[in-house]
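All remarks here apply to the structure that follows.
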Amino acid sequence: MTSAANEKAQDVNVRPAGSLSSSDKASPTALNGDANGKTNVDAAWIFLNDHRDAEGVSAIDINALRRKIDWHIVPLMFCCYTMQFLDKVILNYAAVMGLNKDLNLQANEFSNVATFLFVGLLCFEVPNIYLLQKVPAAKWLGLNVTLWGIATASGAAASNYQTLLVSRVFLGIFEATIGPSLMLISSQWYTKSEQAPRFSFWYLGLGLGQIIGGAVSYGFQHVAPGAGLAGWRVMFVVLGCMTVVFGLCTFFFLPDTPMKARWLSNTEKVALLKHVSVNQTGIESRTFRPKEIVEALLDPQIYLLILSVVLLSVSSGVVTTYSATLIKNLGYLPQKAALMNMPSGVVSIFFTLLVGFGIRKQSHRWAWIIACIIPAQVARQRLILGGALMSFLNPKTDRSGVLAGIYLVNAVVAPLPIYYNWTVANCAGGTKRAFAAALVSGSFSIGNIIGPQTFQPRDAPDYRPAKLAVMGTQAGCAVTTFALFAYYVWANKRRNDRSEAQEQSFMNPEVWASMTDKENKHFRYTY
């Protein structure tokens with residue numbers, strides 16, 4: 001069975017609601033509990049057990065319910081991701097607005113500021129694993145969005161390299177939760193085949209951030225010199241305050257789980273849980289199981305996901321931090337360089353939507369990822385087009401070609417939400433899923449640490465080594481993605497040999513047992 005057909009089958013492979021059969025009784029495996037007396041069943045089953053007599057479940061229109069959920073949670077996640085990208089990328093624009101001169105940054109100090117944001121982010125992924133298991137993801141996300149807004153605004157008070165560095169490190173610490181939190185929240189509300197476009201929806205914040213960032217930078221560059229604050233300082237304060245507002249909205253209005261959504265009736269909640277039970281990844285489990293971390297560390301898919309995201313995000317780090325500088329070095333004035341960077345966001349949005357809806361219709365995540373990594377006629381060119389245009393054209397005589405290359409490289413950011421989707425779709429078990437989400441999100445930071453460091457002052461103004469790094473890492477990412485696809489096909493075939501997938505009632509506690517993908521022999525990987 002193909003991946004697309006398998007996912008569609010899983011979406012309907014649930015028996016209708018009704019009275020509990022003998023197979024729906026709580027099994028010892030699922031409910032015996034651990035040494036501390038805590039049950040190994042997901043919180044969703046407890047809710048279902050308490051509402052087993054809910055009427056009208058079969059009459060609920062799933063499409064209408066899905067749209068209702070979309071309008072309540074996706075905009076908040078979208079705003080959070082937009083602001084996290086804007087708050088990072090404004091350093092890119094501040095560089096062409098006089099930040100280096102105002103703070104007297106020397107040698108590699110600007111690159112270090114860009115890099116250490118991701119160092120802070122990477123370091124805080126470790127405690128994030130535990131906190132995401134113990135604290136509701138929505139509340140944890142809202143708190144951290146508020147705090148990173150404060151850190152962004154504080155950057156306006158920087159007076160030298162050290163103070164700017166500190167503000168950006170704290171920004172990285174508070175942003176550490178954005179990826180894992182959004183992954184876990186999204187996985188609670190949708191089936192695997194529905195998740196890809198929803199991941200893409202909130203990830204569109206990256207493209208919108210690029211577009212808004214260019215316009216915002218252009219506007220703040222016109223702040224009058226006698227206004228008391230430099231344009232880039234005002235920009236930091238305004239965007240930081242906006243982020244605080246979105247963080248507070250997220251904290252108070254984004255439900256912790258579907259079971260706690262005040263805008264859903266109990267009947268709608270039961271219908272939703274029935275619908276997403278096919279994921280077999282659960283909704284919420286507060287039991288921290290160290291053995292699941294050991295399993296994740298021995299799981300080949302985790303390492304392939306990490307390596308793929310690292311290779312992909314080297315390009316992302318270059319684009320995020322230096323795209324405005326590269327455009328300025330083509331001979332454009334700072335104001336125009338900010339505006340000329342806006343099409344990058346359009347490219348990002350186009351490919352993100354294309355991939356999200358393409359996966360919903362046809363699955364084959366691996367093929368869509370490679371299609372974005374190689375955005376044009378690879379068979380004929382034998383090159384990764386975006387990286388090649390940046391690397392091999394002369395910016396003095398082929399300015400339009402280099403500019404096109406800078407834009408096309410942004411196609412490579414579209415696969416990131418698909419790797420995020422893969423992580424939560426193919427890693428079951430509360431602790432393992434949180435751990436994997438943190439690792440994959442952290443690997444994005446590793447690539448972004450490497451990316452800016454490929455830009456060295458001695459390579460100015462063409463920065464050819466950095467451009468070659470973009471091209472090489474994109475090619476490597478295509479290889480690791482195909483290897484991941486091959487692993488999933490192999491793993492599913494082994495499971496088909498061992499035991500055929502069985503149709504189970506969504507009221508069966510074993511469907512909601514906190515088992516990992518390795519422990520659950522009925523689990524099937526999506527690709």
Task: Packing-based order for 192-204, 480-492, using average beta carbon neighbours within 10 Å, highest first - done: 192-204, 480-492
Task: Packing-based exposure ordering (other Cβ within 10 Å, fewest first) of Arg464, Arg458 - done: Arg458, Arg464
- [ ] Report the charge-dipole magnitude of region 46-175 in Debye, nearest 20, computed about the Cα centre from +1 at each Lys and Arg Cβ and -1 at each Asp and Glu Cβ.
- [x] 120 debye
TODO: Evaluate E = 1/(1 + (r/R0)^6) for Ala59 and Glu519, where r is the Cβ-Cβ distance and R0 equals 41 Å; express this FRET efficiency to the nearest 0.05.
DONE: 0.70
Task: Mean Cβ neighbour count within 10 Å, used as a protection proxy, ranking 268-277, 164-173 highest first - done: 268-277, 164-173
Task: Segment Val489-Ser265, length gained on full extension (0.36 nm per residue, minus Cα span) - done: 76.7 nm
Task: region 339-363 and region 139-155: distance between their alpha carbon centers, rounded to Å - done: 27 Å
- [ ] Give me the distance in nm between label points sitting 7 Å out from Cα along the Cα-to-Cβ direction at Arg52 and Lys101, one decimal.
- [x] 7.4 nm
- [ ] Take the Cβ-Cβ distance between Phe252 and Arg286 as r, set R0 to 22 Å, and report the resulting FRET efficiency rounded to the nearest 0.05.
- [x] 0.50
TODO: Return the distance in nm (one decimal) between the two label points of a simple spin-label model at Asn160 and Arg464, each offset 7 Å from Cα along Cα→Cβ.
DONE: 3.8 nm
Open item on the list: Using the basic label-point model (7 angstrom from Cα toward the beta carbon), what is the Val126 to Leu339 distance in nanometres?
Closed with: 4.8 nm
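Readers should treat all values here as calculations from the given coordinates under stated rules, not as data from a laboratory. For clarity, every value in this text was computed on a predicted model and none was experimentally measured. Note that we place each Cβ from the backbone using ideal geometry, even for glycine, and neighbour counts take in every protein chain shown.
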